[in-house]
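Structure provided below as structure tokens; questions to follow.
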Ligand SMILES: Cc1ncc(COP(=O)(O)O)c(C=O)c1O
């Protein structure tokens, strides 16, 4: 290696830097930015559908009436009028909240960071679904958490297994700092935690005093099936910290989310946020307020739901046509993602290199686990591409998979059926 490429700071970095990992999705973004690439990788909302006249009206209104406020520092907790908007939104999910318990964050990602910063010391156990949101894993590893994955099936997290894990940890004299779950249309699994399991989870949290982090950025993007109560609404014992986001129902560019926490935890999060960024952007909070309080969000969310439903259906139909026998996949009732599992020994990490050559991208399943699992799975996002491009993308992917399977056959590897974690009716 040439001298200029040596890192002169080597040896001075904090220990945690060694545990930091980049999210597989962020890494892919530079490769998939080329227009010829059909990216089924990033979880991109269809922001091109954002109503232009509403955008202009809100910006003009803020410029004319709220300029000084929008350009000033704001309270760390966020503006009260935005907290009231959040109470209105959560009522849509049948969840009554006290706005005083809302902390506005710079995206739900900051909520994950604040919770982890507040609770996790190096080596502490964090429980999470397997697979789980890669951005949360990046945060957990930055704080050097010991992440233990819990199994999932078609009804989301297997809560009975959580009971077993908690019992085993109790014998070892260890206690997890919290459980992180994405109960609605999970990222990446696309599954939804059943009501029965939610009730049992909240009950168990009460029995074991387990803190549960409910991350629900997709809840309002249900396009099929019946809504299921949030964990927050079922919790009577203040064991749930709830994370929400405007990224999916307004825009990720607005970088505004929120968390709702029991009072004791709330104040610690406020201190943590002060140390991170003082406050979330007042300008963006004003935009959120105008969009939500004017009711403009209702039509936008409805439009998104029907768009995502047709895109999901286009993807499922293409998977049925193009993916080899033995493959399985989830059938999400909302959100952005399908989780597909291929017959072994197909390795989706190897497959991705070839797929990108063919100008199609997905996220390999291993990025959603910390323990090396998920190598025969992939996350496919249907939110950000037209139906036509989804069909074309899955068709190209089918070709790449067949080619790799042909190669394995020629080399004498025997195939196995897809992993049993798959669910929701497979194909
Ligand atoms: C489950 C989950 N949580 C949190 C986030 C981060 O959201 P935000 O853009 O609000 O930071 C995402 C983004 O994709 C997500 O899927």
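The values are calculated or read from the model by the stated rules, or taken from the named source; none is laboratory data. Keep in mind the model is a prediction, meaning the values are calculated, not measured. Methodologically, a virtual Cβ is constructed for each residue, glycine included, from the backbone with ideal geometry; neighbour enumeration extends over all protein chains shown.
Mind checking which residues of region 295-312 are out of contact with any strand residue (DSSP E or B) (no Cβ under 8 Å at 6 or more places or on another chain) and in contact (Cβ under 8 Å) with a residue 40 or more places away in the chain?
Hits for region 295-312 are 296, 297, 299, 300, 301, 303, 304, 306, 307, 309, 310, 311.
Out of (1) surrounded by fewer than 12 Cβ atoms within 10 Å (Cβ to Cβ); (2) assigned to a helix (DSSP H, G or I), the odd one out for residue 73 is which?
With (1) surrounded by fewer than 12 Cβ atoms within 10 Å (Cβ to Cβ); (2) assigned to a helix (DSSP H, G or I) applied to residue 73, the lone miss is (2).
So if I check each of 96, 64, which one is touching a residue at least 60 places away in the same chain (Cβ under 8 Å) and surrounded by fewer than 17 Cβ atoms within 10 Å (Cβ to Cβ)? Please lay out each step first, then the result.
Values: 64 fails: touching a residue at least 60 places away in the same chain (Cβ under 8 Å).
Of 96, 64, the one residue that is touching a residue at least 60 places away in the same chain (Cβ under 8 Å) and surrounded by fewer than 17 Cβ atoms within 10 Å (Cβ to Cβ) is 96.
Let me ask you something else. For region 31-47, what are the residues that are touching a strand residue (DSSP E or B) at 6+ places or on another chain (Cβ under 7 Å) and without any contact (Cβ under 8 Å) to a residue 60 or more places away in the chain?
Matches in region 31-47: none.
While we're on this one: Inside region 246-281, can you point out the residues that are under 15 Å from residue 77 (Cα atoms) and surrounded by 22 or more Cβ atoms within 10 Å (Cβ to Cβ)?
256, 257, 258, 259, 260, 261, 269, 273, 280
Restricting to region 242-254, what's the tally of residues that are within 10 Å of the ligand (Cβ to nearest atom) and within 21 Å of residue 180 (Cβ to Cβ)?
So the answer is 7.
Can you run down the residue pairs with Cβ atoms below 6 Å, 6 or more apart or on separate chains, where the first is in region 243-266 and in contact (Cβ under 8 Å) with a residue 40 or more places away in the chain and the partner is in a helix (DSSP H, G or I) and near the ligand (Cβ under 7 Å from one of its atoms)?
243/108; 245/108; 255/107; 257/107; 257/108
Only one residue in 60, 31, 40 is more than 16 Å from the ligand (Cβ to nearest atom) and either under 23 Å from the mean Cα position of the chain (by Cα) or in the same structural domain as residue 270 (by TED's automatic domain parsing) (or both). Which one? Don't jump to the end; show me each part of the working.
Details: 60 fails: either under 23 Å from the mean Cα position of the chain (by Cα) or in the same structural domain as residue 270 (by TED's automatic domain parsing) (or both); 40 fails: more than 16 Å from the ligand (Cβ to nearest atom).
Just one listed residue meets the conditions, 31.
For the condition at pLDDT 95 or above and either buried (at least 16 other Cβ atoms within 10 Å of the Cβ) or not in a helix (DSSP H, G or I) (or both), what is the one hit in 426, 374? Even if it seems obvious, please write down each step before you answer.
Details: 426 fails: at pLDDT 95 or above.
Of the residues listed, the single one that is at pLDDT 95 or above and either buried (at least 16 other Cβ atoms within 10 Å of the Cβ) or not in a helix (DSSP H, G or I) (or both) is 374.
Can you find a residue in region 195-213 that is within 13 Å of the ligand (Cβ to nearest atom) and within 30 Å of residue 73 (Cα to Cα)? Can you show your working first?
So the first thing to find is which residues in region 195-213 are within 13 Å of the ligand (Cβ to nearest atom), and the list is 213.
Now restrict to residues that are within 30 Å of residue 73 (Cα to Cα): 213.
Yes, region 195-213 has at least one match.
Being in contact with a strand residue (DSSP E or B) (Cβ under 6 Å, 6 or more places away or on another chain) and more than 21 Å from residue 179 (Cα to Cα), is that true of even one residue in region 265-284?
As a first pass, look at region 265-284 and keep what is in contact with a strand residue (DSSP E or B) (Cβ under 6 Å, 6 or more places away or on another chain): 269, 280.
The next check asks that each one be more than 21 Å from residue 179 (Cα to Cα); those that pass are 280.
Yes.
Ok, one more. I'd like the full set of residues that are in contact with a helix residue (DSSP H, G or I) (Cβ under 8 Å, 6 or more places away or on another chain) and buried (at least 23 other Cβ atoms within 10 Å of the Cβ), limited to region 99-108.
Matches in region 99-108: 102, 103, 104, 105.
Is it the case that residue 179 is farther than 20 Å from residue 257 by Cβ and either modelled with pLDDT of 95 or more or away from the ligand (no atom under 14 Å from the Cβ) (or both)?
Details: farther than 20 Å from residue 257 by Cβ: no; either modelled with pLDDT of 95 or more or away from the ligand (no atom under 14 Å from the Cβ) (or both): yes.
Here the answer is no, as residue 179 does not meet what is asked.
Another question about this same structure. Take the conditions surrounded by fewer than 23 Cβ atoms within 10 Å (Cβ to Cβ) and either within 16 Å of the ligand (Cβ to nearest atom) or touching a residue at least 12 places away in the same chain (Cβ under 8 Å) (or both) and apply them to residue 380. Does it pass? Lay out the reasoning, then the answer.
Numbers: surrounded by fewer than 23 Cβ atoms within 10 Å (Cβ to Cβ): no; either within 16 Å of the ligand (Cβ to nearest atom) or touching a residue at least 12 places away in the same chain (Cβ under 8 Å) (or both): yes.
Considered against the rule, which asks whether it is surrounded by fewer than 23 Cβ atoms within 10 Å (Cβ to Cβ) and either within 16 Å of the ligand (Cβ to nearest atom) or touching a residue at least 12 places away in the same chain (Cβ under 8 Å) (or both), residue 380 comes out as no.
Then there's this: Counting only residues that are modelled with pLDDT of 95 or more and either in contact with a strand residue (DSSP E or B) (Cβ under 6 Å, 6 or more places away or on another chain) or not in a loop (DSSP other than H, G, I, E, B) (or both), how many does region 334-350 have? Steps first, answer last, please.
Filtering region 334-350 down to residues modelled with pLDDT of 95 or more leaves 334-342, 348.
Now restrict to residues that are either in contact with a strand residue (DSSP E or B) (Cβ under 6 Å, 6 or more places away or on another chain) or not in a loop (DSSP other than H, G, I, E, B) (or both): 334, 336-341, 348.
Going through region 334-350 one residue at a time, the tally reaches 8.
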